[in-house]
């Protein structure tokens, strides 16, 4: 793939993945070159994945370690500049590299969050307590120690545990009287030995210290300098769970979609998001309008004036409260769901266009406003979406079948594993596949009651006999 135009986009990939196929298509659709900097794939992908990346991009560099570093990014930018390439911006969907994206965009002169903001945002203790101080959250958090663990268990009440700086659902669970410090040490050991996730579980960054990149081990296994994984404990946030998909430009946030997590599964070690519908079905227009104001206040208090944000929240009779703020697109089918809702650009399109238009935002802002919720809580367009995510259980997969003989044919389906794959027991979700449906919002209340239970059969998996 190549173009005569020297203008291009730098994409940061974690172990050869991170939505690279989707991102490369998005970049190519704009007639721009695609430059990929990736950390070393996992051993089982080291033969196949580099060739895939070479087909997707105009230029690829794969590092020798499983985690990218600031030096990797700076050296690759220097290489591209020396080669005469005009890199317009940098983008990554891997939250563990969001500070590296900020670093690259600062060098390129592209408005974005700065590196310090990203690192502080990933400190969930500080974020929670800043919002609590601003009366935007009724929960408070503290770093979990053997002493605070025992204190919370003696106090009773409902509390939640999660990594101070983590990703996805790895190590997130409600605190119970049976939770032990050994449970946390076991999860931390899993994180340190997990090639894909190890680099994102870093200790909290002291706001008074000089900003530095996380110092995760450069290889698959930890070194003596690998930071320990820290957990927090916070007051449990009640209510139904939602996510706001936000594009912020110059301090002005625009909510392009709100997803209701209509099915959640809380396990001993993780919280799994099984299904989402958008726009929400259980909120009034007034509830949504209050949510939009709350999101705007959250971003304002945290000084988040540029970027794409997946703001996870819960709504109860007492109002809105935070789960967490992710400085990236939401995972699973959030981005294509937005595309189905807009009838055009998905969330990756909008994030990339916000970066490309950062110095000339007027036209882009007009498009963004035309796609976003109105201040009174009204969604744009007449569409609705529903998607279901399927998670694998420990065992060896014998067969996976996609069943599209349902009430409504899916508009998109992804099967992420294949027969012969072995799923190990872990404290994070293992994605099996995901399926997206689109419908007219006027018909949604008739379709959903039948589609939601039927969708559980959309992806069928058979394990070898040793499973279960």
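FYI, it's all coordinate maths here, none of it is from the lab. Here the structure is a predicted model, which is why all the values come from computation and not from measurement. Methodologically, a virtual Cβ is constructed for each residue, glycine included, from the backbone with ideal geometry; neighbour enumeration extends over all protein chains shown.
Cβ crowding within 10 Å ranks 391, 231 as 391, 231, fewest other Cβ atoms first. Seen through its C-alpha gyration tensor, with square-root eigenvalues sorted a ≥ b ≥ c, the stretch 51-187 comes out prolate because a/c lies at 1.5 or above while a/b is bigger than b/c.
Is the C-alpha gyration tensor of the stretch 343-468 telling us rounded, prolate or oblate? Criteria: a/c under 1.5 is rounded; beyond that, a/b larger than b/c is prolate, otherwise oblate.
Numbers: a/c = 3.21, a/b = 1.73, b/c = 1.86.
It is oblate, given that a/c is not under 1.5 and a/b is not larger than b/c.
In the chain, what percentage of the DSSP-assigned beta bridges are antiparallel, given to the nearest 5? Antiparallel bridges make up about 80 percent of those DSSP assigns within the chain.
Do you know the relative contact order of the chain, to the nearest whole percent, from alpha carbon pairs under 8 angstrom that are 6+ apart?
Details: 946 pairs, mean separation 58.8, N = 468.
Relative contact order comes out at 13 percent.
Using a simple spin-label model with pseudo-atoms 7 Å out from Cα toward Cβ, residue 178 and residue 252 lie 5.3 nm apart.
Among 438-446, 102-110, 54-62, the peptide with the highest mean count of other Cβ atoms within 10 Å heads the list, and the full ranking is 102-110, 54-62, 438-446. Highest-first packing order for the peptide set 126-139, 298-311 is 298-311, 126-139, based on the mean count of other beta carbon atoms within 10 Å.
What is the extension gain from residue 407 to residue 442, computed as 0.36 nm multiplied by their sequence separation minus the C-alpha to C-alpha distance, in nm to one decimal?
Details: separation 35, 0.36 × 35 = 12.60 nm, distance 1.65 nm.
Residue separation times 0.36 nm, minus the Cα-Cα distance, leaves 10.9 nm.
Ordering 39, 243 from the fewest to the most neighbouring beta carbons within 10 Å gives 243, 39. Entry for the stretch 276-417 at q = 0.18, 0.20 Å⁻¹: log10 I(q)/I(0) = -1.24, -1.44, Debye formula applied to identical alpha-carbon scatterers, no solvent contribution. Compared with the direct C-alpha span, the chain from residue 236 to residue 418 gains 61.8 nm at full extension, assuming 0.36 nm per residue. Among 315, 99, the order by Cβ neighbours within 10 angstrom, fewest to most, reads 315, 99. Counted residue by residue at 0.36 nm each, then reduced by the alpha carbon distance between them, the extension gain from residue 286 to residue 42 reaches 83.1 nm.
Classify the stretch 1-122: rounded, prolate or oblate, from the alpha-carbon gyration tensor (a ≥ b ≥ c, eigenvalue square roots; a/c under 1.5 rounded; otherwise prolate if a/b is larger than b/c)? Kindly include the intermediate steps, with their values, before the conclusion.
On the way: a/c = 1.58, a/b = 1.07, b/c = 1.47.
Oblate shape, in that a/c is at least 1.5 and b/c is the bigger or equal ratio.
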